[in-house]
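The values are calculated or read from the model by the stated rules, or taken from the named source; none is laboratory data. As the structure is a prediction and not an experimental result, all values here were calculated from the model. When we count neighbours, we look across all protein chains shown, and the Cβ atoms used for this are built from the backbone with ideal geometry, even at glycine. For the accessible areas, the whole protein counts, side chains as well, though only heavy atoms, and no ligand, DNA or RNA atoms are used. Shrake-Rupley method; radii C 1.70, N 1.55, O 1.52, S 1.80 Å.
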Amino acid sequence: AVNDKQLRTDTLLLSRSVRPVNIRLATESDITTLANLYQQTVLTHAQKHYTPEQAAAWASLAGETETFRAFILKATTFVAIDSTGDATGILGFAGIANDGHITATYVRHDALHQGIGSKLMERILDYATGRQIARLYAEANPFSLGLFKKFGFQLYATETVNRQGVEFQRSLVELKLN
């Protein structure tokens, strides 16, 4: 018989297992799905670190169709898709600009802690190395900061930004590749 403690431990290990994914470039046809993923992830997880007003202001980018479209397509944005054959669709996305700015790292709210963010970050690092980008930098929110630190990014400053009249604190991180 399996006891409750063992069951909880097994469940925790499963939830932290690496989910097999395929990585591809984002396309115009992904915009609506990525906007929904972005909005749902922010609304689900921002409440742990931000006020309801901050979460709503942050999530509102998804509703600004042309701005969100540019957010995805002006950078090189990679999407992670479940490779097990399940019809779960896009599980996350990450973008990088030509100057090394990591523009996005988002994992679908129901797929966190399954290695998807790490797979996307590995793809970003491979891309940057292949293009001889010397420095990567990003604005990290409290729930993505751990991912950046895991990959060796260093905190060099914090900033306060204003979105729709609501202020946020973000961490500025960088990784020097050369």
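Please go through region 125-170 and give me each residue that is over 16 Å from Tyr106 (Cα atoms), touching a helix residue (DSSP H, G or I) at 6+ places or on another chain (Cβ under 7 Å) and either open to solvent by less than 90 Å² (accessible area, probe 1.4 Å) or free of Cβ contacts under 8 Å to residues at least 60 places away in the same chain (or both), ordered by number.
Matches in region 125-170: Leu136, Arg163, Val166, Phe168.
Out of all the residues in region 60-68, is one or more out of contact with any helix residue (DSSP H, G or I) (no Cβ under 8 Å at 6 or more places or on another chain), touching a residue at least 24 places away in the same chain (Cβ under 8 Å) and under 29 Å from Ile133 (Cα atoms)?
No; the residues of region 60-68 include none that is out of contact with any helix residue (DSSP H, G or I) (no Cβ under 8 Å at 6 or more places or on another chain), touching a residue at least 24 places away in the same chain (Cβ under 8 Å) and under 29 Å from Ile133 (Cα atoms).
Given the criteria within 19 Å of the chain's Cα centre (by Cα), at pLDDT 95 or above, in a strand (DSSP E or B) and surrounded by fewer than 20 Cβ atoms within 10 Å (Cβ to Cβ), does Glu122 qualify? Spell out the reasoning first.
Details: within 19 Å of the chain's Cα centre (by Cα): yes; at pLDDT 95 or above: yes; in a strand (DSSP E or B): no; surrounded by fewer than 20 Cβ atoms within 10 Å (Cβ to Cβ): yes.
Here the answer is no, as Glu122 does not meet what is asked.
Might you let me know whether region 23-35 holds any residue that is within 13 Å of Leu112 (Cβ to Cβ) and among the hydroxyl-bearing types (Ser, Thr, Tyr)?
Filtering region 23-35 down to residues within 13 Å of Leu112 (Cβ to Cβ) leaves none.
No, that holds for no residue.
Out of Thr44, Thr67, Thr84, report the one residue that is out of contact with any Phe, Trp or Tyr (no Cβ under 7 Å at 6 or more places or on another chain), in a loop (DSSP other than H, G, I, E, B) and open to solvent by 30 Å² or more (accessible area, probe 1.4 Å).
Going through Thr44, Thr67, Thr84 in turn, the sole match is Thr84.
Assess whether Ser83 counts as being modelled with pLDDT under 90, within 21 Å of Phe143 (Cα to Cα) and of a type in the set (S, T, N, Q).
Details: modelled with pLDDT under 90: yes; within 21 Å of Phe143 (Cα to Cα): no; of a type in the set (S, T, N, Q): yes.
Spelling it out, it is not the case that Ser83 is modelled with pLDDT under 90, within 21 Å of Phe143 (Cα to Cα) and of a type in the set (S, T, N, Q).
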